[in-house]
Amino acid sequence: MTAPTDPVRDRALSLPAQSLPAYLYDLGALREHAASVRSALPERVELYYAAKANPEPEILAALGPYVDGYEVSSGGELAHVAKAVPGRPLAFGGPGKAPAEIAAALDLGVERFHVESAYELRMLAELASRRASDAPVGVLLRFNLPLADGSLEASALSMGGRPTPFGLDPTQADDAVRLLTDGTCPHLELLGIHAHLASGLRAPQQLAAAESIVTWAASLAARHGIDLREVNVGGGMTVDYTDPDARFDWAAYGAGLARLTAAHPGLTLRIEPGRALTAYCGWYATEVLDVKPSHGEEFAVVRGGTHHLRTPATKGHDQPCTVLPVNDWPHPWPRSTAQQELVTLAGQLCTPKDVLARRVPAAGLRAGDRVVFSLAGAYAWNISHHDFLMHPRPGFHFLCP
Ligand SMILES: *Cc1c(COP(=O)(O)O)cnc(C)c1O
């Protein structure tokens, strides 16, 4: 949604200027969205939340009733998520797991390891064998699979189907499965296959990817005469920043996954979205500090910038936003006011890259007006370079707890 929800709008207008910028999270909106995602998914499809999209403890907790577990991608996320939502199932993924991180995950009793390489598999086997417990450690082998239909080229960010540091190469599949099934690694249990191939896919492309991952995994399992119990088809459901009201088609995706599970009795599918779960629940609220002309265009400089909300700079889009006019003007000097229809919203950093949204329709925008940027609930604050220029950090408000 481009427009802020009522609680977000009220808070964005009631905070004193010196308390801006602020991240405003509407936990009620988050719960509603997560419930609708959950209800679109059929039986035998588990939903894990990829914590790296937004690991704020309040967000992790609010998602609790709607998710089956959480995917963590580092020792830091592991410790953080285990503390924020104690006792919930965790899957530990990510390339370059250090021995100490794996040992910590084993100590915590993490249910699933997404193993990213043959080397990591041997390391995990050795560390798992040194535990006191005899319970086997669950393993999903992550593969970098090619997808025939070209859907990866259409995605914003692809991790698979081309040379990348993610997952095992498909040519290593038979050796890896043998290692896990021939008694070499008695402390590990092969639960299934994982593949997270791209981000930014729409429902038809996501379904095509899921189908080809499951087909590939089923034939691998058949070759080795083993049961295929779990396939994790990853996250990457698109969030369209150019059309913020168009959401990923969860109903179509869920219906497609239902056909897939029907074709594979006994298989549990798992998805692990990040962005498409939390992007919509966050707003970055700020105020206009100045408005000025520059070479025929007009710029507004807002409090804060891409050191707090780096998403538009990294993804190359204009962050959707709403202007909230403020009529009170407490200063003795005149307000600067936009003279044109279109205004580019920039931050306070001394770099031309610090632009949040270009050529926004904002006729009459004045210093002191407030601006609320939407779709700021995922890959926003936590991917930003906070310390550059040493401006104060934003406030954080969790509304509708
Ligand atoms: C980042 C990531 C996700 C989540 O991706 P989104 O695009 O946020 O849905 C899921 N799985 C893995 C392995 C990831 O690295």
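The values are calculated or read from the model by the stated rules, or taken from the named source; none is laboratory data. Just so it is clear, the structure is predicted and the values come from calculations on it, not from any experiment. Neighbour counts are summed over all protein chains in view; Cβ atoms, including those assigned to glycine, are modelled from backbone coordinates with ideal geometry. Note: areas computed on protein heavy atoms with side chains; ligands, DNA, RNA excluded. Shrake-Rupley method; radii C 1.70, N 1.55, O 1.52, S 1.80 Å.
Quick notes
- Hits in the range 330-383 - residues which are more than 24 Å from D243 (Cβ to Cβ), among the polar types (S, T, N, Q) and more than 16 Å from the ligand (Cβ to nearest atom): S336, T337, Q339, Q340, Q348, T351
Residues are listed down the side, and each one gets a yes or a no for (1) open to solvent by less than 10 Å² (accessible area, probe 1.4 Å); (2) at pLDDT 95 or above:
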| site | (1), (2) |
| --- | --- |
| V81 | yes, yes |
| G93 | yes, yes |
| A100 | no, yes |
| H114 | yes, yes |
| L124 | yes, yes |
| A128 | yes, yes |
| S133 | no, no |
| V139 | yes, yes |
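- Contacts under 6 angstrom Cβ, first residue in the range 161-172 being assigned by TED's automatic domain parsing to the domain that holds G93, partner modelled with pLDDT under 95 and open to solvent by 50 Å² or more (accessible area, probe 1.4 Å), 6 or more apart: G161/P146
- Total residues in the range 196-252, condition within 16 Å of the ligand (Cβ to nearest atom), touching an Asp or Glu at 6+ places or on another chain (Cβ under 8 Å) and open to solvent by less than 40 Å² (accessible area, probe 1.4 Å): 6
- Candidates L30, L47, L20, L13 - the one that is aliphatic (A, V, I, L, M), surrounded by fewer than 22 Cβ atoms within 10 Å (Cβ to Cβ) and touching a Ser or Thr at 6+ places or on another chain (Cβ under 8 Å): L20
- When we screen P332, P325, P361 for residues that are within 18 Å of L20 (Cα to Cα) and not aliphatic (A, V, I, L, M), the only hit is P325.
- Considering Y70, Y66, Y48, the condition of being at pLDDT 95 or above, more than 13 Å from the ligand (Cβ to nearest atom) and either over 17 Å from G377 (Cα atoms) or of a type outside the set (D, E) (or both) is satisfied by Y66 alone.
- Evaluated against (1) among the small types (G, A, S); (2) under 20 Å from H33 (Cα atoms); (3) touching an Asp or Glu at 6+ places or on another chain (Cβ under 9 Å), A255 falls short on exactly one condition, (3).
- Checking each residue in the range 236-252 for being in a loop (DSSP other than H, G, I, E, B), among the aliphatic types (A, V, I, L, M) and modelled with pLDDT of 95 or more picks out only V239.
- Breaking point among (1) in a loop (DSSP other than H, G, I, E, B); (2) of a type outside the set (G, A, S); (3) surrounded by 17 or more Cβ atoms within 10 Å (Cβ to Cβ), for P42: (3)
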